[in-house]
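Laboratory data are not the source of any read-out in this text; all were calculated from the coordinates shown. A quick note: this is a predicted structure, and the numbers were derived from the prediction, not measured. Here the Cβ positions follow ideal geometry from the backbone for every residue, glycine too, while neighbour counts run over all protein chains shown.
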Amino acid sequence: MTSFFKRKNNKSNRRIGAIETRKGVVRTPVFMPIATKGAVKNLTPEELKELGAELILGNTYHLWLRPGIEVIKKAGRLRPARRGASAGQGDLHGFMNWRGPILTDSGGFQVFSLGEKMANKQGGAWRNASLSATHSSPVPSRLCGTGRRPSLDAAPSAEKKLTIKSSVKITDEGVEFRDPYDGKGYFLTPEKSIEIQLTLGSDIIMVLDECPTFPCAHEKVEQAVKRTSDWAARCKKYFDKKVPHPNPPLQKGRERAGLSRPLLFCIVQGGIYKDLRERSARELIEIGFSAQGGPASGWDGYAIGGVAVGEPRKYLSKVLKYVLPLLPSDKPRYLMGLGRPEEIVAAVNAGIDMFDCVIPTREARHGRIYMQNPNFKTQISNKFQNPKSKKFYQTIQVANAKFAKDFKPIDERCACYTCKNYSRAYLNHLFRTAEPLAQRLATIHNLKFYLELMEILRK
Ligand SMILES: [Zn+2]
């Protein structure tokens, strides 16, 4: 199977498709569970596969700082099932034992997030951050962002309250920052980001972009769009130099064996401004096709950044309307950091193919459980466009007292391991007594809910 994207029917912009990566085919629309630091919290790779995950997301920033790229290089590659020990330079697949495709972000968003609470000064001024976070704090209201948020999960100690001090300096050359935990200095450039992602063995690599904090004046977003285009061109050039296109093209079988190149995606920025979103998309498309990249020149996919992580969600539909008509229809489109189920459905029906979000896993850890309504399948119609309508599902807080003697499964419509074997009363007890199994069982269920939603959207 090769990559393809076709509209479901004439009445909808929803696309059904597939992305061919060197680690296998990913069916779209797809939701990526997030393995921020090389693990989807509470689950093994075998469990992820069992749940139907086809593609996961790793965070370059976190893995770069801890354990560090040198450690991952030494980890070895995945061992073939029956062919003895692994050989050669290691990668993230081998380190975390995940055989499927991995998408990595550029690392830029986490770096910029260090400065999120600082004065919004650009152009090379040092910005001082002071972020407070505790693991025991309630679920934050703005959950989306893939780890493309200043993650609460960044704390090395689960109990300790941290006051993080850091500094971020953005120039046209790259981003200079200090590790908030040990003060060590780092410099992230477009080339460095690609280099790290290649070393991680990523199958889908993202360019380094600048994602301005909302609200942001037109002038500053314009500057970020320009920098995003410049950095994308540098990423593409470096990527093409490091992984030249095979000539003649490889046979499909050899690609699957890991001999082919990873995919490279650009990221459209531009905030809430129509002219800047259009300009960003046009510039990136031009850069993709003008680079000296060989026969398959052009971007392998197009991401839309800054919607779920910066701008309020009310701008979602507008931004999609600005950008989607401009993007090549034969390439995947990835809406970064989205989202809640109703937002995912609305975005799929607008023509988006790929999603990632911390919501199902993070909310599971806090006892918030997603449940299908009786009209789950019929409500997810081709015409569903309202990102605020939640008619097809509901959530419960399973730790609430009212579930203490409720011996029904979490969701009678769900066939996951948790729902087949445990009651609401049992999960209520586990959460109230802080048993670690509580988070595991809830994570299994919430991910199943999201992955089943995508399964329905693919039909
Ligand atoms: Zn379930």
Sort 427-433, 444-450, 178-184 by packing, meaning the average of other beta carbons within 10 Å per residue, with the highest value first.
444-450, 427-433, 178-184
Distance in nm between GLU435 and ASN97 label points, each 7 Å along Cα→Cβ, equals 2.4 nm
Mean separation of Cα pairs under 8 Å and 6+ residues apart, divided by the residue count of the range 305-459: what relative contact order is that in percent?
21 percent
Need one number: nm distance between label points at VAL243 and GLN89, each 7 Å from Cα along Cα→Cβ, rounded to one decimal.
1.2 nm
Mind checking the full-extension length gain between ASP230 and GLU173? Use 0.36 nm per residue of separation minus the Cα-Cα distance, one decimal, nm.
19.5 nm
In whole Hz, what ³J(HN,Hα) sequence does the range 397-412 give by Karplus (6.51, -1.76, 1.60; θ = phi - 60°), x for Gly and Pro?
9, 5, 7, 5, 4, 5, 9, 5, 10, 9, 9, 6, x, 3, 9, 5
Spin-label pair GLU286/LYS74, simplified geometry with 7 Å Cα→Cβ offset, distance in nm:
4.8 nm
Set of aspartates and glutamates near LYS169 by C-alpha distance (under 15 Å), chain-local residues within fewer than 8 positions excluded
GLU116, ASP179, ASP209, GLU210
Between HIS218 and LEU326, 0.36 nm times their residue separation minus their Cα-Cα distance comes to what?
36.8 nm
